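One structure is given here, and the rest of the page talks about it.
Every number here is computed from the coordinates shown, using simple stated rules; none is lab data. Only a predicted model underlies this, so the values are computations on that prediction, with no experimental measurement involved. Here the Cβ is made from the backbone with ideal geometry for all residues, glycine too, and neighbour counts use every protein chain on show.
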Amino acid sequence: MKSKKNLTRFTYESAAFEGWRLCISRAGTTFTKYFPDKKLGGGKKSLAAAEKTLAELKALIEGSKRVDGKLSPVTIKKGEKLLAEAF
């Protein structure tokens, strides 16, 4: 499987983690979440969960208002909550 925009595949033989990492930066704020293959039942399922969460997060960010060019604290909290409830 190949990495995609805002989604990076981690498959290291010597590391304990295998899965996908969602990382998106907008207006001075970075959101990151790991989607492990072990917890989600394989590479395809972890990718599907990561893509779904990425779409929801992008929709939240694009629909939010900016305060002095940055995301509002409410939007940041909503984004962090969305990532915490991802799986």
Quiz item: Can you name the residue in segment 1-21 that is among the aliphatic types (A, V, I, L, M) and in contact with a strand residue (DSSP E or B) (Cβ under 9 Å, 6 or more places away or on another chain) and, of all such residues, is surrounded by the fewest Cβ atoms within 10 Å (Cβ to Cβ)?
Solution: MET1
Exercise. Test ILE24 against the criterion of being surrounded by 13 or more Cβ atoms within 10 Å (Cβ to Cβ), part of a helix (DSSP H, G or I) and in contact with a Ser or Thr (Cβ under 9 Å, 6 or more places away or on another chain), and give yes or no.
Key: no
Quiz item: Filter segment 27-47 for residues that are closer than 16 Å to GLU85 by Cβ and surrounded by fewer than 15 Cβ atoms within 10 Å (Cβ to Cβ); which is farthest from the chain's Cα centre (by Cα)?
Solution: LYS39
Self-check item: Matching residues in segment 38-69 - criterion: being in contact with a strand residue (DSSP E or B) (Cβ under 7 Å, 6 or more places away or on another chain) and not in a helix (DSSP H, G or I)
Solution: SER64
Quiz item: Would you pick out the residues in segment 49-87 that are small (Gly, Ala, Ser) and either under 11 Å from the mean Cα position of the chain (by Cα) or surrounded by 12 or more Cβ atoms within 10 Å (Cβ to Cβ) (or both)?
Solution: ALA49, ALA50, ALA55, SER64, SER72, GLY79, ALA84, ALA86
